[in-house]
Amino acid sequence: MNRHTLSVLVENKPGVLTRIAGMFARRNYNIHSLAVGPTDDPRVSRLTLVVGAEAVQLEQIVKQLNKLVHVLKIVELDEADSVVREMQLVKVAAEPQHRSQIIELADVFRAKIVDVDHDSITIEAAGDPGKLEAMINLLEPYGIREMVRSGTIALARGGKSITDGSKVRMQRVV
Amino acid sequence: MAGGNAGSTPEMVTGAQAVIKSLEALGVDVVFGYPGGAIMPAYDPLIDADLRHVLVRHEQGAIHMAEGYAHATGRVGVCIVTSGPAATNLVTGLADAHMDSIPVLAITGQVARSAIGSDAFQEADVTGITMPITKHNELVQSPERIAGAIHEAYHIAQSGRPGPVLVDIPKDVLNETFAWSWPERIDLPGYRPTVRGHGKMIREALQLISEAERPVIYAGGGLVRSGADQELFEFATRLGLPVVTTLMARGVFPDTHELAVGMPGMHGHYSGVMALQEADLLVTLAARFDDRVTGKLDAFAPHAKVIHVDVDPAEIGKNRAVDVPIVGDVKVVLGQLLKVLDDKSDADFAPAADAWRQHLIEMKREHPLRVEQPDTGVLKPQTAIRAVYDTWGDEAVYVAGVGQHQMWSAQVIPYSRGRQWINSGGLGTMGFAVPAAIGAKVGVGRDVPVVAIDGDGCFQMTFQELATAVQHDIPVVFCVVNNGYLGMVRQWQHLFYDDRLSQVALPQDCPDLMKIADAYGIPGFRVMTVDELDTTLAKAREITDQPVLIEFRVDPDEMVFPMVPSGASNDDVIESAEEWRARLAAAADDQ
Ligand SMILES: Cc1ncc(C[n+]2csc(CCOP(=O)(O)OP(=O)(O)O)c2C)c(N)n1
Ligand SMILES: [Mg+2]
């Protein structure tokens, strides 16, 4: 199944996330990742959904999303032509003899050390999912105590915005 | 915007009064409801309101009545009930209205805002529960929001693809006093249904039609919702296009017309099923390629290109790939198509090939419904239903339950207009007929007879609403086709489970339906044999000022044919029990 990244503008109303998540569950669609946050307009939130679907199903997903009264606009982002980011916090076991190696590793990934304890280091990293995967692989041998990763967020490259809708392909049929 | 009183001191009202004023502002004339704790504040101003309230006997009755009312009139049906168990009693009806695109507004009471989430007495997460079975819903958070929420709900329910909308209002919101104002305009930036079809697609559709040799109009329930009878008639007759009408669309094109080829689907007419199978073009008008119509999807209408008109873009391409998609209200789109035809000369656009029409007319003649009614004795259900039609006639509205009697009613009555036939198609809700017929009767008024044709199983799910009909003087004709079985389930057990009948028998004389008529104080008639049929119905017909109950004791062994077995190709349509048995025998011989 192909991955598709959808940017969805929704009215900032109670229950809007439940409506979207519920619609996916009820229609048996696949969500890989979901992130939601405010926009410059307090009445509007922006969701980034990464879904797994073939072409026909993707069209259905977009159309069914559009039927939700609180959904304002949906755009599919082309991953190759977008800035795609996730954020990750990792707490790594850090024996004194490994400390400098771990810090060096974080540097390579342009990650930040955000907390240090006697025997652990917490690293904050942002990037595309592939980069974050690679960092985890390299940290694994030291011992990962715990980690947390955000959903994907993404913006199309270039000067245009989702609200002018000319560059990115508008999916809205209604 | 303040209801015309800008400048003067605003009128102070309670939330409860705001509910009633909102309904009045929308022109609602009747609500179906049942009171209780959380909604009680709204029942007080109701006493003085310019609104008819029909007190039901079960909240499921309220919502099915609202559906029947909406079905019959095209206007939004409104029901109002309390929180918790009352609201959950609406669930079946909401799901039903959602499936069949019926405009319904449900208002439910909720526990006070401070109690929400505390598992308070009669609390249920009603917006959560009904999210997937409503077009939209809202939990109202302040009295100032009541009018806006109800106005928007009403608009959403009846526009675009119609459907049920629920507004949940906490008790303290109903009790709070605030400054009333009616929002003349509604603001729904995320909701803008497309009404007009795309001009280019309109022309492409006509191009495909002009090229087709075996075109068929596949007419769906959306035509009824949009009130497009006339446009459909003009379009079909002008182009000479044969028409199949789905279970939800029966009547939207008159069955007696030579272009009418019947109903498609699992229990459709042979000609209705085969017209689609043989077609090279489906002109799909507000139908949704439901599995009960298509049978095995890959084998459905295998030679056909598809034009699909629907107001809901999500229906287009959902089940069947489409050659020409047209998003828009089907009534408006048909108007656009007719307009383009007006501008063309007849030479540009000749009616479809005569050979194809003749072929279908012949097919209709050669493959009629097969009912064998002996002259005396045992009454076949189809005979009873046909006699009901002959008694109440074309002017009446017919409302069915779910099961064999529903399919026979869809098959044997020649419908002539949309809204004349009301049934639960998408959800298949047993218990629908009694309350839906009551709601329909409230909608159509004194002069139009409303006849419910129910099954003995279905009837026992909701017949408590007979009291509603009596108390509120709603003279519906209730017919029960009593075959002593959950007949449709029995039919499947007979055909597909080797006649191993499991939990399908209902004693034909328990309850005694004549005693039920008696208990509710209405005339009851029982027809035991075919010989009594006409005289008894003539007597029942004379009663027009009160509800009537008519029981038909029918042949329990009768089955619904034609039938496309579940999951089979429509090409395998079986026309009679004999044909079915012959096939079984042939299959046994092969082994
Ligand atoms: C609420 C509900 N429960 C169960 C069913 C499954 N079901 C479909 S038809 C049917 C039998 C209906 O019996 P009856 O009302 O006597 O009609 P008949 O088929 O005998 O005409 C049943 C149980 C249903 N459709 N709806
Ligand atoms: Mg029965």
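The values are calculated or read from the model by the stated rules, or taken from the named source; none is laboratory data. Quick caveat, the model's predicted, so the values are computed rather than measured. Positions of Cβ are generated from backbone atoms using ideal geometry, with glycine treated the same way; all protein chains shown enter the neighbour counts.
Out of curiosity, is B:ILE522 within 30 Å of B:GLY445 (Cα to Cα), surrounded by 15 or more Cβ atoms within 10 Å (Cβ to Cβ) and within 16 Å of ligand 2 (Cβ to nearest atom)?
Against the criterion (within 30 Å of B:GLY445 (Cα to Cα), surrounded by 15 or more Cβ atoms within 10 Å (Cβ to Cβ) and within 16 Å of ligand 2 (Cβ to nearest atom)), B:ILE522 does not qualify.
A:ILE113 fulfils the conditions (1) crowded, with 18+ Cβ neighbours inside 10 Å; (2) under 25 Å from the mean Cα position of the chain (by Cα) except for a single criterion, (1). Going through (1) in contact with a strand residue (DSSP E or B) (Cβ under 7 Å, 6 or more places away or on another chain); (2) buried (at least 24 other Cβ atoms within 10 Å of the Cβ); (3) not in a loop (DSSP other than H, G, I, E, B) one by one, B:VAL293 falls short only on (1). Name the pairs: first residue in the stretch B:445-463 and touching a residue at least 40 places away in the same chain (Cβ under 8 Å), second residue buried (at least 24 other Cβ atoms within 10 Å of the Cβ) and among the charged types (D, E, K, R), Cβ to Cβ under 6 Å, at least 6 apart or on different chains? Close Cβ pairs satisfying both conditions: B:VAL450/B:LYS441. Inspection of the stretch B:490-506 identifies at least one residue that is part of a helix (DSSP H, G or I), within 9 Å of ligand 2 (Cβ to nearest atom), in the same structural domain as B:TRP392 (by TED's automatic domain parsing) and not hydroxyl-bearing (Ser, Thr, Tyr).
Looking at B:GLY117, B:GLY190, B:GLY160, can you tell me which residue is within 14 Å of another protein chain (Cβ to nearest Cβ), over 28 Å from the mean Cα position of the chain (by Cα) and in a loop (DSSP other than H, G, I, E, B)? Exactly one residue qualifies, and that residue is B:GLY117. Looking only at residues in the stretch B:94-139 that are at positive phi and polar (S, T, N, Q), which one is surrounded by the fewest Cβ atoms within 10 Å (Cβ to Cβ)? Of everything passing the filter in the stretch B:94-139, B:GLN122 is surrounded by the fewest Cβ atoms within 10 Å (Cβ to Cβ). The residue that is nearest to ligand 2 (Cβ to nearest atom), counting only those in the stretch B:376-401 that are more than 13 Å from B:ASN482 (Cα to Cα) and under 15 Å from the mean Cα position of the chain (by Cα), is B:ALA400. The combined condition, being free of Cβ contacts under 8 Å to residues at least 24 places away in the same chain, among the aliphatic types (A, V, I, L, M) and away from chain B (no Cβ under 11 Å), is fulfilled by A:ILE31.
Restricting B:GLN404, B:GLN420, B:GLN382, B:GLN411 to those that are more than 16 Å from ligand 1 (Cβ to nearest atom), more than 30 Å from B:SER210 (Cα to Cα) and either buried (at least 24 other Cβ atoms within 10 Å of the Cβ) or not assigned by TED's automatic domain parsing to the domain that holds B:THR245 (or both) reduces the list to B:GLN420. Working only within the stretch B:493-508, note down all residues that are on the phi < 0 side of the Ramachandran plot and more than 9 Å from ligand 1 (Cβ to nearest atom). Across the stretch B:493-508, the qualifying residues are B:GLN493, B:HIS494, B:LEU495, B:PHE496, B:TYR497, B:ARG500, B:LEU501, B:SER502, B:ALA505, B:PRO507, B:GLN508. Any idea how many residues of the stretch B:560-586 are touching a Gly at 6+ places or on another chain (Cβ under 9 Å) and under 17 Å from B:GLU366 (Cβ atoms)? The total comes to 3. Checking B:GLY457 against (1) part of a loop (DSSP other than H, G, I, E, B); (2) within 13 Å of ligand 2 (Cβ to nearest atom): exactly one of these is not met. Which one? Among (1) part of a loop (DSSP other than H, G, I, E, B); (2) within 13 Å of ligand 2 (Cβ to nearest atom), the lone unmet condition for B:GLY457 is (1).
Can you tell me which of B:VAL504, B:VAL554, B:VAL564, B:VAL548 is free of Cβ contacts under 8 Å to residues at least 24 places away in the same chain, within 26 Å of the chain's Cα centre (by Cα) and surrounded by 14 or more Cβ atoms within 10 Å (Cβ to Cβ)?
When all the criteria are applied, what remains is B:VAL504.
To keep it simple, each residue is scored yes or no on (1) without any contact (Cβ under 8 Å) to a residue 60 or more places away in the chain; (2) of a type outside the set (Phe, Trp, Tyr); (3) on the phi < 0 side of the Ramachandran plot.
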{"residue": "B:LEU208", "(1), (2), (3)": "no, yes, yes"}
{"residue": "B:ARG214", "(1), (2), (3)": "no, yes, yes"}
{"residue": "B:GLY220", "(1), (2), (3)": "no, yes, yes"}
{"residue": "B:VAL224", "(1), (2), (3)": "no, yes, yes"}
{"residue": "B:ASP229", "(1), (2), (3)": "no, yes, yes"}
{"residue": "B:PHE233", "(1), (2), (3)": "yes, no, yes"}
{"residue": "B:ARG238", "(1), (2), (3)": "no, yes, yes"}
{"residue": "B:VAL244", "(1), (2), (3)": "yes, yes, yes"}
{"residue": "B:MET248", "(1), (2), (3)": "no, yes, yes"}
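Contact annotation: no residue pair with Cβ atoms under 8 Å, 6 or more positions apart or on different chains, pairs a residue in the stretch B:300-322 that is closer than 18 Å to B:VAL273 by Cα and within 8 Å of chain A (Cβ to nearest Cβ) with a partner that is of a type outside the set (D, E, K, R) and in a loop (DSSP other than H, G, I, E, B).
Checking each residue in the stretch B:427-451 for being buried (at least 24 other Cβ atoms within 10 Å of the Cβ) and within 12 Å of ligand 1 (Cβ to nearest atom) picks out B:THR429, B:GLY431, B:PHE432, B:ALA433, B:VAL434.
Based on this model, can you work out whether A:ASP117 counts as free of Cβ contacts under 8 Å to residues at least 24 places away in the same chain and under 30 Å from A:ALA156 (Cα atoms)? Considered against the rule, which asks whether it is free of Cβ contacts under 8 Å to residues at least 24 places away in the same chain and under 30 Å from A:ALA156 (Cα atoms), A:ASP117 comes out as no. Listed by position, the helices (runs of 4 or more DSSP H) inside the stretch B:218-286 whose residues that are modelled with pLDDT of 95 or more and among the aromatic types (Phe, Trp, Tyr) number at least 2 are B:229-239.
Just one residue in the set A:LEU105, A:LEU65, A:LEU89 is within 14 Å of chain B (Cβ to nearest Cβ) and not in a loop (DSSP other than H, G, I, E, B); that residue is A:LEU65.
Considering only residues in the stretch B:460-489 that are more than 16 Å from ligand 2 (Cβ to nearest atom) and part of a helix (DSSP H, G or I), the one that is farthest from the other protein chains (Cβ to nearest Cβ) turns out to be B:VAL470. The residue of the stretch B:458-481 that is farthest from B:PHE432 (Cα to Cα), among those that are near ligand 1 (Cβ under 8 Å from one of its atoms) and crowded, with 24+ Cβ neighbours inside 10 Å, is B:VAL481. Just so you know, in the stretch B:133-145 the residues that are of a type outside the set (Val, Ile, Thr) and within 17 Å of B:PRO162 (Cβ to Cβ) include one that is farthest from the chain's Cα centre (by Cα), and it is B:ASN137. The residues on offer are A:LEU105, A:LEU89, A:LEU72, and the sole one that is under 30 Å from B:ASP312 (Cβ atoms) and not β-branched (Val, Ile, Thr) is A:LEU72. Among the residues of the stretch A:37-44, not a single one is touching a Ser or Thr at 6+ places or on another chain (Cβ under 6 Å), more than 11 Å from every other protein chain (Cβ to nearest Cβ) and surrounded by 13 or more Cβ atoms within 10 Å (Cβ to Cβ).
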